[in-house]
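Since the structure comes first, as structure tokens, the remarks are kept for the end.
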Ligand code: CA
């Protein structure tokens, strides 16, 4: 669950923001002044910040700067005055969005969702990269070490055989023509022609199929091409 810090000195607004965000599945913590806000920022653990500009103690400008020195999580600035918003732009504080009061709670929620989704895409990319193992019906492929096992027995594949197997496993049950496979797997370094595809399919079958004349994984779709069946 994403955790949001709202720094707002007007209790009615802070509570309205909290209620709508909680309704949409977010966890919300409220600070009613800048100094308490900063303490919470330093404790960490927040995925997004909503800051009012005019606050007792440290104001929204300085708080935004302090957040930027701690983390990259999205910051939404809220202000009652349009000219204050212009000032924030001018200062280049690194806030991600600006909302003018009064705003509709659903608009706030929509913006929070959009910023969290973008932030998760940016930070989540690495996590997905590390899970580099593909597994389909007894075939296991480790993309980072470029190793392949069939029923726990390692098989040694050439570079292009490996690329082809990964391509098939990542696109299961889709029929590809030889021409498409050639373009996808050989792309720009194309030495040879689409006959190369037939040769590689045959070699790959010998390495992964129990009986390469009756393939269980890489099926031939007569007159069309090949399909990796799951
Ligand atoms: Ca205020």
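The values are calculated or read from the model by the stated rules, or taken from the named source; none is laboratory data. No experiment lies behind these values; they were computed from the predicted model shown. All Cβ positions, glycine included, derive from the backbone under ideal geometry; neighbour counts span all protein chains shown.
Residue 112: modelled with pLDDT of 90 or more, crowded, with 18+ Cβ neighbours inside 10 Å, within 23 Å of the chain's Cα centre (by Cα) and assigned to a helix (DSSP H, G or I), yes or no?
Working: modelled with pLDDT of 90 or more: yes; crowded, with 18+ Cβ neighbours inside 10 Å: yes; within 23 Å of the chain's Cα centre (by Cα): yes; assigned to a helix (DSSP H, G or I): yes.
Yes, satisfied.
Name every residue in the range 24-52 that is under 24 Å from residue 118 (Cα atoms) and over 30 Å from the mean Cα position of the chain (by Cα), in order of residue number.
Result: no residue meets the conditions.
How about the range 4-23: which of its residues are surrounded by 15 or more Cβ atoms within 10 Å (Cβ to Cβ) and more than 16 Å from the ligand (Cβ to nearest atom)?
Matches in the range 4-23: 4, 20, 21.
Considering every residue within the range 65-78, establish whether at least one is within 11 Å of the ligand (Cβ to nearest atom), in contact (Cβ under 8 Å) with a residue 40 or more places away in the chain, more than 25 Å from the chain's Cα centre (by Cα) and in a helix (DSSP H, G or I). Spell out the reasoning first.
First pass over the range 65-78, keeping only residues within 11 Å of the ligand (Cβ to nearest atom): 78.
Add one more test, that the residue is in contact (Cβ under 8 Å) with a residue 40 or more places away in the chain, and what stays is 78.
Narrowing the set further to residues that are more than 25 Å from the chain's Cα centre (by Cα) leaves 78.
Those left that are additionally in a helix (DSSP H, G or I): none.
There is no residue in the range 65-78 that is within 11 Å of the ligand (Cβ to nearest atom), in contact (Cβ under 8 Å) with a residue 40 or more places away in the chain, more than 25 Å from the chain's Cα centre (by Cα) and in a helix (DSSP H, G or I).
Look through 168, 162 and report the one residue that is free of Cβ contacts under 8 Å to residues at least 60 places away in the same chain and touching a strand residue (DSSP E or B) at 6+ places or on another chain (Cβ under 8 Å).
Working: 168 fails: free of Cβ contacts under 8 Å to residues at least 60 places away in the same chain.
From the options 168, 162, the qualifying one is 162.
Quick one: which of 52, 47 is away from the ligand (no atom under 16 Å from the Cβ), crowded, with 16+ Cβ neighbours inside 10 Å and either within 20 Å of residue 110 (Cα to Cα) or in contact (Cβ under 8 Å) with a residue 60 or more places away in the chain (or both)?
Values: 52 fails: away from the ligand (no atom under 16 Å from the Cβ).
Exactly one residue qualifies, and that residue is 47.
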